[in-house]
Amino acid sequence: MAKGRERAGHGRDGAKAVSGTGGAGVQPSDRAPRSKPAGGLYLVATPIGNARDITLRALDVLGAADLVACEDTRVTGRLFAMLGLSAPLTPYHEHNAERARPALLARLREGAVVALVSDAGTPLVSDPGFRLVRACIEEELPVTAVPGASAALTGLQLSGLPTDRFLFAGFLPPKAAARRTALAELAAAPATLVFYESARRLPVALADMATVLGDRAAAVARELTKLFEEVRRGRLHELAAHYAAAGPPKGEVVIVVEAAGEATHTADDLDARLAVALGRASVRDAAAEIAAATGLPRREVYARAVVLARARDEERG
Ligand code: SAM
């Protein structure tokens with residue numbers, strides 16, 4: 001593949017692709033600015049906090065784009081102003097995507113360079129764009145990615161948990177019952193789990209993780225790449241207790257949880273799950289919740305819940 005210039009080509013599956021620099025490793029000449037990219041859809045990652053995480057290639061493509069589809073033109077407008085970019089912006093978000101897509105596809109058919117960005121990070125990762133990409137593939141319109149920052153991978157990197165196999169679970173449902181069902185579906189996955197979550201719901205999400213997934217190692221990665229970046233690591237019951245007491249933190253968070261393993265279904269695990277559940281429910285309800293999550297006999301879990309609740313009450317005096 002030609003280096004130092006971009007061309008439209010065909011992928012292995014016969015679909016048209018937009019090709020940039022190919023081959024392994026970064027070539028010195030890759031630092032040179034590119035000529036106008038070939039027409040097509042470019043999925044361009046933008047920073048998740050630190051503006052200097054924009055890539056040289058993203059600057060090339062966004063600088064040359066005929067049109068940039070973005071979630072919020074004000075948010076991307078601010079980024080563009082900071083980066084000295086001036087391509088025309090058009091909104092493409094979950095509420096207007098159906099209406100906006102035909103116009104974007106029409107521009108792509110004409111051979112325009114159309115970039116898709118999200119408010120922050122990698123488009124399509126818990127952000128709009130998948131249907132636009134699918135429509136391009138169906139019409140054999142060129143589509144390629146300009147990779148860069150993503151909070152999921154950054155949080156995973158900093159979690160200290162195994163990275164060889166991970167499952168990106170996106171956002172959990174906001175309602176408690178649906179959230180617990182979603183967690184139960186993930187409980188046996190033999191992979192590190194990566195979640196996005198709103199800071200506001202962090203305390204309840206951690207409490208549900210502690211009771212449904214068991215007392216696993218976990219990390220809360222907050223404000224990644226920003227001034228107040230912080231990674232808090234601990235067992236789920238510790239993290240749940242911390243945020244129950246401290247309240248929701250400021251900023252944005254990624255939660256990373258270790259894979260299902262030997263720690264689950266031990267006596268310590270049962271106690272840790274019950275401790276979290278007893279913090280927000282009666283002995284009976286806590287026992288029912290943990291019996292359902294672990295599959296342990298309800299009577300056995302209830303007996304242990306009674307012991308723990310008594311010990312807690314005595315400690316409180
Ligand atoms: N597409 C984006 C990406 O690739 O990172 C994610 C978009 S999703 C709508 C937004 C969520 O990503 C936030 O609620 C938070 O969970 C996570 N997130 C984004 N920026 C973050 C940051 N700087 N630090 C921690 N989490 C972040």
Check your understanding: Would you list Thr225, Thr294, Thr266 from fewest to most Cβ contacts within 10 Å?
Key -> Thr266, Thr225, Thr294
Check your understanding: Computed over the Cα atoms of the stretch 264-317, what is the ratio Rg over Rh, Rh following Kirkwood?
Key -> 0.94
Practice item. Work out how far the C-alpha atoms of the stretch 150-262 reach from end to end along every principal axis, then list the three figures in whole Å, largest first. Key: 36, 30, 22
Point to revise | Angle in degrees between helix 267-278 and the longest Cα principal axis of the chain, rounded to the nearest 10 | key: 80 degrees
Revision key, fill the gap. quick note, the stretch 150-262, DSSP beta bridge pairs, % antiparallel (nearest 5) is 75 percent
Revision key, fill the gap. Quick calc: nm separation of the 7 Å Cα→Cβ label points for Arg298 and Arg316 -> 2.5 nm
Review point. Quick one: putting +1 on the C-beta of Lys and Arg, -1 on the C-beta of Asp and Glu, what dipole do you get for the stretch 208-254 around its Cα centre, in Debye to the nearest 20?
Key: 80 debye
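Just rank Met209, Met82, fewest to most, by other beta-carbon atoms within 10 angstrom.
Ranked by crowding around the Cβ, least crowded first: Met82, Met209.
Expressed as a fraction of 2.2 N^0.38 Å, the rule-of-thumb size for a compact globular protein of N residues, what is the C-alpha radius of gyration of the chain? Working shown, then result.
Working: Rg = 23.6 Å, N = 317, 2.2 N^0.38 = 19.6 Å.
Compactness ratio reported: 1.20.
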Check your understanding: Between Arg233 and Ala184, what length in nm is gained on full extension when 0.36 nm per residue of separation is reduced by their alpha carbon distance?
Key -> 15.4 nm
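Could you work out the per residue convex hull volume over the alpha carbons of the stretch 146-189, in cubic angstrom?
Values: hull volume 4.7 nm³, N = 44.
Normalising the Cα hull of the stretch 146-189 by residue number yields 108 Å³.
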**Study point:** Acute angle (nearest 10 degrees) that the helix 176-186 long axis makes with the longest principal axis of the chain, alpha-carbon atoms
**Key:** 80 degrees
Practice item. Give the shape of the stretch 172-225 as rounded, prolate or oblate, defined through the alpha-carbon gyration tensor: a ≥ b ≥ c are the square roots of its eigenvalues, a/c under 1.5 means rounded, and otherwise the shape is prolate if a/b is larger than b/c and oblate if not. Key: oblate
Practice item. Relative to the longest principal axis of the C-alpha atoms of the chain, give the angle of the C-alpha long axis of helix 130-139, reported between 0 and 90° and rounded to the nearest 10°. Key: 40 degrees
Exercise for review: Only loop residues by DSSP count here, and only those with at most 14 other Cβ atoms within 10 Å; note down the trypsin sites (Lys or Arg not before Pro) in the stretch 202-299 that meet that.
Suggested key: Lys226, Lys250
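Can you give the FRET efficiency to the nearest 0.05 for Ala281 and Asp72, using r as the Cβ-Cβ distance and R₀ = 41 Å? It would help to have the intermediate numbers written out before the result.
On the way: r = 39 Å, r/R0 = 0.95.
About 0.60, to the nearest 0.05.
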Review point. If packing is taken as the mean number of other Cβ atoms within 10 Å per residue, what is the order of 253-259, 90-96, highest first?
Key: 253-259, 90-96
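Using DSSP to call loops (not H, G, I, E or B), can you name the trypsin sites (Lys or Arg not before Pro) in the stretch 71-167 whose Cβ has at most 16 other Cβ atoms within 10 angstrom?
Working: sites: Arg74, Arg78, Arg99, Arg107, Arg109, Arg131, Arg134, Arg165; in loops: Arg165.
Hits after loop and neighbour filter: Arg165.
Quick note: the coordinates plus some simple rules give every number you see, no bench work behind them. Because the structure is predicted, anything quoted here is derived from the model rather than measured. Note that we place each Cβ from the backbone using ideal geometry, even for glycine, and neighbour counts take in every protein chain shown.
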